[in-house]
Amino acid sequence: MQETIERLRAEALAAIGAAADEAALEAVRVSVLGRKGSLTGLLRGLKDLGDEARREAGAALNAAKDDLNAALTAREAQLGAGRPAASSGYDLTLPGRAPAPSGSLHPLQTVLEEICDIFHGMGFSRDDGPEVELDYYNFTALNFPDDHPARDIQDTFYINDKVLLRTQTSPVQVRMMERREPPLACVFPGRVYRNENADASHSSEFFQIEGLVVDRAVSMADLKDTVDTFVRNYFGASAPTRFRPHYFPFTEPSVEVDMQCILCGGKGCGTCKQGGWLEIMGAGMVHPNVFRAAGYPDDRYTGFAFGMGIDRIAMLKYGISDIRLLYENDLRFLNQFRGVQ
Ligand code: PHE
């Protein structure tokens, strides 16, 4: 009996060592330790032996069974080691997938939102108007008489006699006043169009932000304070402003607002063409004829308006030397603004 057990043990151990994969190993286990396995058969035969022989054979069979179970477990681990985590359904050795590339705001949009935020902080609401505009709102209601040379100040894209691409955001002033009664404090950002030859500082489309404040007793001092507060907030205290007399048909008096050049501190550089100042907006007190066109009663209200080029501000902020870069959508340019706010 002892010999039989020993032989069976040796054969089974050899078969376990030779099993090439998990299926072969399982076949060995079944043939030895399964319900009809050879070792199981011997265990079953113990009951026919005498007491002494049964004790001896029983101990030997159990020892052999333990040995074989240990050998099966060890071999199973060996065979499984070549296949990491395969049973989980994931192959952790594959390279990861790159995250989807993220987009970003266009630099003009970033600057537009920043400017609106500052005016929002001063109590201005925000609105907009159509880019395809009536001649009436773009010119007539803004006190540009028909056939008046002032219309030539802005080279207009006409769609027909009465319809054009707006040349400025000022028409939204009139649309706003037609809808609402003072007190009003509102900004209107948006795209405008002029029939200009493109160069480093001109584009046939660009962005403006218009501001309008109307109430009883609004003064030029309020305009100056609003402009100064904006410039201080956007550029810092080190940027003084100055008003220069100018002409716009829809404001009287009219001014152009300059800001001391932030690049050279007023000493003169290429950006300010050596003058030390940068023009940032047109502004003035709303002309009574504009109030009349909007249907406001004579003499009851006063107000100021301003119009600022957003492209100019974005170019200053980011050191962009050619306005055309803002409209070409060249990814080599735009990708530089990923994550920039
Ligand atoms: N609309 C004028 C322009 O485009 C700017 C402006 C706006 C001037 C409001 C005065 C008041 O040049």
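Quick notes
- Rounded to 10°, Cα long-axis angle of helix 220-235 versus longest principal axis of the chain: 30
- Contact order for the chain, expressed relative to its length and based on alpha carbon pairs under 8 Å spaced 6+ residues apart, stands at 15 percent.
- Calculation over all alpha carbon pairs of the range 2-88 in 5 angstrom steps from 0 returns a P(r) of 3, 14, 24, 21, 15, 10, 7, 4, 2, 1, 0 percent.
- Prolate/oblate/rounded call for the chain, Cα gyration tensor, a/c under 1.5 rounded: prolate
- The angle between the Cα long axis of helix 22-33 and the longest principal axis of the Cα atoms of the chain comes to about 30 degrees, rounded to the nearest 10.
- Neighbour-limited loop hits for GluC sites (Glu not before Pro), the range 250-341 (at most 14 other Cβ within 10 Å; DSSP other than H, G, I, E, B): GLU328
- Per residue of the chain, the DSSP helices (runs of n ≥ 4 H) give a summed -39500 (n - 2.57) that works out to -12000 deg cm²/dmol at 222 nm.
- Part-to-part distance (alpha-carbon centres) for the range 148-194 and the range 39-59, which is given in Å: 108
- Applying both filters, DSSP loop and at most 13 other Cβ atoms within 10 Å, to the trypsin sites (Lys or Arg not before Pro) of the range 188-244 gives ARG216.
- Highest-first arrangement of 166-176, 307-317, where packing means the average Cβ count within 10 Å: 166-176, 307-317
- Cβ distances below 4.7 Å define possible disulfide partners, and in the chain the cysteines left without one are CYS116, CYS186.
- Exposure of SER31 as accessible area (Å², to 10), given a probe of 1.4 Å and all protein chains: 70
- Crossing angle, helix 2-18 versus the chain [Cα axis fit, 0-90 degrees, rounded to tens]: 30
- Global geometry of the range 100-192, whether rounded, prolate or oblate, following the gyration tensor of its Cα atoms and the 1.5 cut on a/c: oblate
- Shown here for the range 42-112: trypsin sites (Lys or Arg not before Pro) in loop regions (DSSP other than H, G, I, E, B) with at most 10 other Cβ atoms within 10 Å, namely ARG97.
The values are calculated or read from the model by the stated rules, or taken from the named source; none is laboratory data. Since this is a predicted model, take the numbers as computed values, not measurements. Cβ atoms come from the backbone with ideal geometry, glycine included; neighbour counts cover every protein chain shown. Please note that ligands, DNA and RNA were not included when accessible areas were found on the heavy atoms of the full protein model with its side chains. Shrake-Rupley method; radii C 1.70, N 1.55, O 1.52, S 1.80 Å.
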